[in-house]
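Novice: Quick one: the structure is below, questions incoming.
The values are calculated or read from the model by the stated rules, or taken from the named source; none is laboratory data. Predicted model only: the values in this text are computed from it and were never measured. Note that each Cβ is placed from the backbone with ideal geometry, even for glycine, and that neighbours are counted across all protein chains shown.
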Protein chains: 2
Amino acid sequence: MCCYLLLRRWQAEGKKHSLNNSLEIQREQYKNLSYSIDTLRELKHNFKYDLLYIAEKIHDNESQKALSKIHEYISDLDNTELIRFSRNKAIDSVISYYNQLGRNSGINMLINITDFDSGSIDSSDLAVLLGNLLDNAVTAAAAQPKELFVKLNMAVSGNMLSITLDNSYSGELKPNGNEYPSTKKNHTAIGLKSIAEIAHKYNGDSVFSHDGKAFHASVLLHLQ
Amino acid sequence: MCCYLLLRRWQAEGKKHSLNNSLEIQREQYKNLSYSIDTLRELKHNFKYDLLYIAEKIHDNESQKALSKIHEYISDLDNTELIRFSRNKAIDSVISYYNQLGRNSGINMLINITDFDSGSIDSSDLAVLLGNLLDNAVTAAAAQPKELFVKLNMAVSGNMLSITLDNSYSGELKPNGNEYPSTKKNHTAIGLKSIAEIAHKYNGDSVFSHDGKAFHASVLLHLQ
């Protein structure tokens, strides 16, 4: 009887915990989506008013002013262009997003990717893996007082895909084995668990460590 | 001893289930983010080349061609403008996103929101709630052969916020009480569970039903 009650209690708590995790992830999800939608909306808004300005200058026979506005705009677009990091669309979007987010937070984003054929690795798994790594890294680095950096390397060696991610982090972290607590308030470290789970799925491994200056994550995945 | 083993097994399975749910949500998350980044990238790309065309026409003294391109562009921006549905930024972004996604899939999106002060309701909870409702609705409606619609109403009555969402759905659904299976392949119905959990958090309720033509969801939340 005692065993039954314990099992029931475990079951109820397990479900609640699972749902809390899901809600936590979803809150983050909609925050990212909201940021992305706002960027799009602002861009369209600015496009429209700049086009109206250009039209006005053409009307007033001030072609030079129209042209210099156009050139200013193009150079602006080139500077804020979402760089392509990989031919794999799913991971390229994720990296572009966090690269832009990091740059907006004053982080020195150092991204070095050797393009590769992801073969048997599901693109959405890679997107989740990189998203979690980059989300942790950008969040932690942005909170540092100086020398903000995030350094991502992806390379293939034989049939192994190696991903390493370092970010500045001078705070104290007390790991429990390979498990680190979240640096975000009221957060459980779902991100690191997801990373480990995906590495495990592809017969790989994930290792996290830190020294006084940086947090290091490295993930290995079997490509086939 | 048997009890201990059972508990351990439950614990292991619970953790695995929870992680699978988290990964499933995250895959969706990065798909949405990827779609949104692609839209932004395409917009910037097109804008750049249209600006170069306009500059060329100004150079060639073909002001009329430059002006008609500008007007065409502005009318295009107006047509694809992300409509504002609410003063609450968090929910507005989510609704705009799914409204656009639905329209792109040929769904008649009928959205009617009375602006309200969300008061004690956390904006991120509202975003997750609406995101789940709309994600389910748009996904299900898009798969219908004809008369695709999604109809969202939000209104306040007294201190209750009422949200109703209907979508065309002619398929068969076999509910287990108030629990519906996911219409997505390999998906558990985390969405409906999250909706129910948030309703519960605000002393409200959620009810799901369907007839031969549509799926109906209604959620009530206490505003204070």
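Novice: Of all residues in the stretch B:19-51 being farther than 30 Å from A:SER124 by Cβ and either more than 7 Å from chain A (Cβ to nearest Cβ) or under 18 Å from the mean Cα position of the chain (by Cα) (or both), which is surrounded by the most Cβ atoms within 10 Å (Cβ to Cβ)?
Specialist: The residue in question is B:ASP50.
Novice: Separate question: Looking at the stretch A:95-108 only, could you name the residues that are among the polar types (S, T, N, Q) and facing chain B (nearest Cβ under 10 Å)?
Specialist: Initial filter on the stretch A:95-108 (among the polar types (S, T, N, Q)): A:96, A:99-100, A:104-105, A:108.
The answer is A:SER96, A:GLN100.
Novice: Let me ask you something else. Would you say B:SER18 is at pLDDT 85 or above and of a type in the set (S, T, N, Q)? Working first, answer last.
Specialist: Details: at pLDDT 85 or above: no; of a type in the set (S, T, N, Q): yes.
Considered against the rule, which asks whether it is at pLDDT 85 or above and of a type in the set (S, T, N, Q), B:SER18 comes out as no.
Novice: A further question follows. For A:ALA137, state whether it is within 14 Å of chain B (Cβ to nearest Cβ) and either modelled with pLDDT of 95 or more or not in a strand (DSSP E or B) (or both). It would help to see each step written out before you state the result.
Specialist: Numbers: within 14 Å of chain B (Cβ to nearest Cβ): no; either modelled with pLDDT of 95 or more or not in a strand (DSSP E or B) (or both): yes.
No.
Novice: List every residue pair whose Cβ atoms sit under 8 Å apart, with the two residues 6 or more apart in sequence or on different chains, where the first one lies in the stretch A:103-116 and is modelled with pLDDT of 90 or more and the second, anywhere, is of a type in the set (S, T, N, Q) and part of a helix (DSSP H, G or I).
Specialist: Correct list of pairs: A:MET109/A:ASN99; A:ILE111/A:ASN99.
Novice: Here's something else I'd like to know. Considering B:ASN46, B:ASN99, B:ASN61, which residue is outside any helix (DSSP H, G or I) and either in contact with a Leu (Cβ under 6 Å, 6 or more places away or on another chain) or not β-branched (Val, Ile, Thr) (or both)? Outline the logic, then answer.
Specialist: Values: B:ASN46 fails: outside any helix (DSSP H, G or I); B:ASN99 fails: outside any helix (DSSP H, G or I).
From the options B:ASN46, B:ASN99, B:ASN61, the qualifying one is B:ASN61.
Novice: Let me ask another. Take A:ARG9 and tell me if it is more than 30 Å from B:GLU62 (Cα to Cα), at pLDDT below 80, of a type outside the set (Asp, Glu) and not assigned by TED's automatic domain parsing to the domain that holds A:SER96. It would help to see each step written out before you state the result.
Specialist: Details: more than 30 Å from B:GLU62 (Cα to Cα): yes; at pLDDT below 80: yes; of a type outside the set (Asp, Glu): yes; not assigned by TED's automatic domain parsing to the domain that holds A:SER96: yes.
Considered against the rule, which asks whether it is more than 30 Å from B:GLU62 (Cα to Cα), at pLDDT below 80, of a type outside the set (Asp, Glu) and not assigned by TED's automatic domain parsing to the domain that holds A:SER96, A:ARG9 comes out as yes.
Novice: Restricting attention to the stretch B:70-94, and to residues there that are at the interface with another protein chain (Cβ under 10 Å from one of its Cβ atoms) and surrounded by 18 or more Cβ atoms within 10 Å (Cβ to Cβ), which single residue is modelled with the highest pLDDT?
Specialist: B:ILE70
Novice: Another question, if that's okay. Kindly indicate whether any position in the stretch B:54-62 is more than 9 Å from chain A (Cβ to nearest Cβ) and not charged (D, E, K, R).
Specialist: Checked against the condition, which is being more than 9 Å from chain A (Cβ to nearest Cβ) and not charged (D, E, K, R), the stretch B:54-62 yields no hits at all.
Novice: Being at pLDDT below 90, of a type outside the set (S, T, N, Q) and touching an Asp or Glu at 6+ places or on another chain (Cβ under 9 Å) narrows it down to one residue among A:LYS174, A:LYS201, A:LYS213, A:LYS185; which is it?
Specialist: Working: A:LYS174 fails: touching an Asp or Glu at 6+ places or on another chain (Cβ under 9 Å); A:LYS201 fails: at pLDDT below 90; A:LYS185 fails: touching an Asp or Glu at 6+ places or on another chain (Cβ under 9 Å).
Within the list A:LYS174, A:LYS201, A:LYS213, A:LYS185, the selection yields A:LYS213.
Novice: Could you tell me how many of the residues in the stretch A:117-168 are surrounded by fewer than 19 Cβ atoms within 10 Å (Cβ to Cβ), within 15 Å of the chain's Cα centre (by Cα) and of a type in the set (A, V, I, L, M)?
Specialist: Adding up the residues that qualify gives 1.
Novice: Moving to a separate point now. Filter the stretch B:117-140 for residues that are without any contact (Cβ under 8 Å) to a residue 60 or more places away in the chain and touching a Gly at 6+ places or on another chain (Cβ under 7 Å) and give the result.
Specialist: Matches in the stretch B:117-140: B:VAL138 only.
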